[in-house]
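Written below as structure tokens is the structure these notes are about.
Computed from the coordinates by the stated procedures, all read-outs in this text should not be read as laboratory data. Everything numeric here is computed off the predicted structure, so don't read it as measured data. Glycine also receives a Cβ, built like all others from the backbone with ideal geometry; neighbour counts cover every protein chain displayed.
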Amino acid sequence: MNSAIQISKLSKFFGDLHVLNEISFAVNLGEIVSILGPSGSGKTTLLRCITGLDQEYSGDITINQIDQTRFLTDNRIAFVTQKYGNFPWLTVEENIKLGLDKRKAISSGYNVEVVRLIQDLGLSGFEKSYPDQLSGGMQQRLAIGRALAQDTEILAMDEPFGALDYQTRQGLQELIKSISHRYGKTILFVTHDIEEAIFISDRIVLITKSPSVIAKEYSVPPQLRLSEELETRFADGFVGLRRQIEKDMRRLAHEDDKTEKNISLENEI
Amino acid sequence: MLWSVMLATAILTFWYGVTKLGIVDDLFLPSPGQFWLAVKKLFLYRDFHQDILISVFRVLIAWTISFSIAIPTALVLSKSEKLYRILSPYIDFLRYLPVPVLIPLIILFMGIGESAKISLLFIGTVFQLLLLVYDDLKDIPSEYFDISYTLNFSKWEKVKMELKAIGPNLWNNCRITMGWCWTYLVIAELVASQEGIGYMVKEAQRFSNTPEIYVGIVTMGLIGLFSDLTWKGFYPVVFRYKRAKS
């Protein structure tokens with residue numbers, strides 16, 4: 001299978017702080033891959049390196065078989081942030097159009113596309129509203145809509161539902177899944193929520209803390225991947241995978257604690 | 001609005017009362033009648049409207065120059081931490097200088113013409129506005145820059161985004177700095193001027209013409225109030241999304 005993103009031995013330092021250590025993995029075309037890890041594990045840093053928002057790293061990243069630097073001279077990876085994901089001075093319609101306007105060639109039926117996206121995201125009737133007039137969930141729908149309007153092959157999302165309540169999050173998780181199936185996008189999704197990662201993803205990359213390395217990769221069973229139903233969360237396969245990841249994360253956290261204690265003991269000695 | 005009208009009526013009644021009963025000598029506080037006579041005299045025989053126009057002109061020109069220099073400079077400084085570190089002590093030094101202390105030097109270099117007054121007002125506002133805009137630019141959420149990058153914005157589009165992001169604060173800072181400009185105007189016109197509201201007040205003081213001093217003060221207050229109300233009035237028109245905020 002063609003890989004949309006190929007990361008090889010990616011390392012990143014902030015001064016003396018070693019954040020990412022030789023991270024390597026691939027994301028295939030049309031795949032949803034979640035980067036899962038505890039807070040402070042460098043998930044966002046990793047995503048920023050991949051999207052080009054942070055270009056000071058060592059290692060190689062190729063996007064669509066092209067070196068990232070060369071790819072980013074003409075292209076971009078659409079990005080959805082956790083907050084401030086829309087420009088508040090633009091209406092819903094204008095925020096979506098901003099994504100369309102940045103395409104190299106705008107296909108015919110420009111306005112039809114805006115209407116379709118607004119409908120698909122459940123924002124009909126709010127075209128002339130400003131982001132601050134929308135609920136948190138609707139604001140994130142709008143941010144996703146703007147990213148979709150850019151029509152990039154790859155979407156990057158940095159804990160986009162982190163600030164939302166449980167119910168809203170579930171609704172948006174379903175939306176992400178249906179978007180991926182309908183629009184055939186490759187999605188790189190950062191989260192610390194195990195359930196969210198399993199529900200959304202085809203594959204999960206678990207990273208550890210300080211410095212981050214890839215601890216394990218999980219493939220989500222095909223029957224779970226294809227389902228957009230919320231009930232999937234109660235399926236045996238889903239629960240089993242969640243327990244497995246929870247167990248691995250606890251073990252890794254325990255190992256991290258031991259390492260930190262050893263380091264502080266060595267420093268004291 | 002009703003309270004404002006009631007307060008104005010109360011002030012006028014009090015003013016009329018204390019002058020009518022002779023509680024305050026008219027050398028210190030003229031009666032409303034004397035005040036009105038001074039207004040008529042100034043506008044009908046002394047071309048006071050010309051003084052008002054020249055004062056408004058000075059403020060608008062000086063403030064526009066300050067604005068035109070402060071915004072691009074703040075944008076440049078916000079992009080370079082190093083440049084800001086080098087220049088900020090100088091900006092702070094100039095910012096803390098009281099404007100009147102510069103008058104002798106400005107007269108020495110520029111004489112007593114319009115350029116001297118406009119320079120004084122310009123110096124009084126440009127550094128303040130520059131730092132206010134700089135601080136607002138540094139407060140723009142980093143996510144807006146991330147979105148701009150991932151939307152492949154050009155440099156000009158990024159600048160437009162920054163100006164739109166600081167727009168509401170910039171509007172308020174403009175309103176405030178224009179107010180400061182008016183306070184410096186009085187200083188400029190009291191010292192080296194042949195026309196303007198400040199000059200009229202100074203001349204009235206020479207002849208102990210208290211009613212005209214009061215007319216000058218009230219005129220300045222009214223112009224300031226009008227300027228402030230204009231800025232505030234247009235705020236919800238320019239920033240519709242702020243008005244719409246639920």
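Things to note:
- Shape analysis of segment B:128-246 yields a ratio of the Cα radius of gyration to the Kirkwood radius, Rg/Rh, of 1.19.
- FRET efficiency for B:VAL237 and A:ARG250, using Cβ-Cβ distance with R0 set to 41 Å, rounded to 0.05: 0.10
- Cβ-based exposure ranking for B:MET6, A:MET138, in which fewest neighbours within 10 Å come first: B:MET6, A:MET138
- Crossing angle, helix A:110-120 versus chain A [Cα axis fit, 0-90 degrees, rounded to tens]: 60 degrees
- Long-range tail of P(r) for the protein assembly as shown (Cα pairs > 31 Å, %): 61 percent
- Near-label residues of segment B:106-134 by backbone N, under 20 Å of a point 7 Å along Cα→Cβ of B:THR230: B:118-119, B:121-122, B:125-126, B:129
- Chain lengthening between B:GLN194 and B:LEU12 when straightened (0.36 nm per residue, less Cα-Cα): 62.3 nm
- The convex hull of the Cα atoms of segment B:17-146, projected and averaged over all directions, covers 13.4 nm².
- Set B:LYS160/B:LYS232; A:LYS128/B:LYS160; B:LYS138/B:LYS232; A:LYS12/A:LYS216; B:LYS82/B:LYS232 screened for pairs whose C-alpha atoms are more than 26 Å apart: B:LYS82/B:LYS232
- The calculated P(r) of segment A:1-116, using every Cα pair and 5 Å bins from 0, goes 2, 9, 17, 19, 17, 15, 11, 6, 3, 1, 0 in percent.
- Compactness of chain B is given as radius of gyration and Dmax, 22.4, 74 Å, from Cα positions.
- The stretch between A:GLU217 and A:TYR183 holds 9.7 nm of extra length on full extension. This uses 0.36 nm per residue minus the Cα-Cα distance.
- Put a dot 7 Å past the Cα of A:ARG116, heading toward its Cβ, do the same for A:LEU230, and the two dots end up 2.9 nm apart.
- Which of B:ILE140, B:ILE217, A:ILE245 has the fewest Cβ neighbours within 10 Å, and the rest in rising order: B:ILE217, B:ILE140, A:ILE245
- Remark: B:ILE103, A:ILE23, B:ILE69 ranked as B:ILE69, B:ILE103, A:ILE23, counting other beta-carbon atoms within 10 Å and listing the fewest first.
- The calculated FRET efficiency for the pair B:LYS20 and B:LEU97, based on their C-beta separation and a Förster distance of 35 Å, comes to about 0.15.
- Rounded if a/c under 1.5, otherwise prolate or oblate - segment A:59-194, Cα gyration tensor axes: oblate
- Against the rule of thumb 2.2 N^0.38 Å, how large the Cα Rg of chain A comes out: 1.04
- Relative counts (whole %) of C-alpha pair distances in segment A:87-150, using bins that are 5 Å wide: 4, 21, 35, 24, 11, 4, 1
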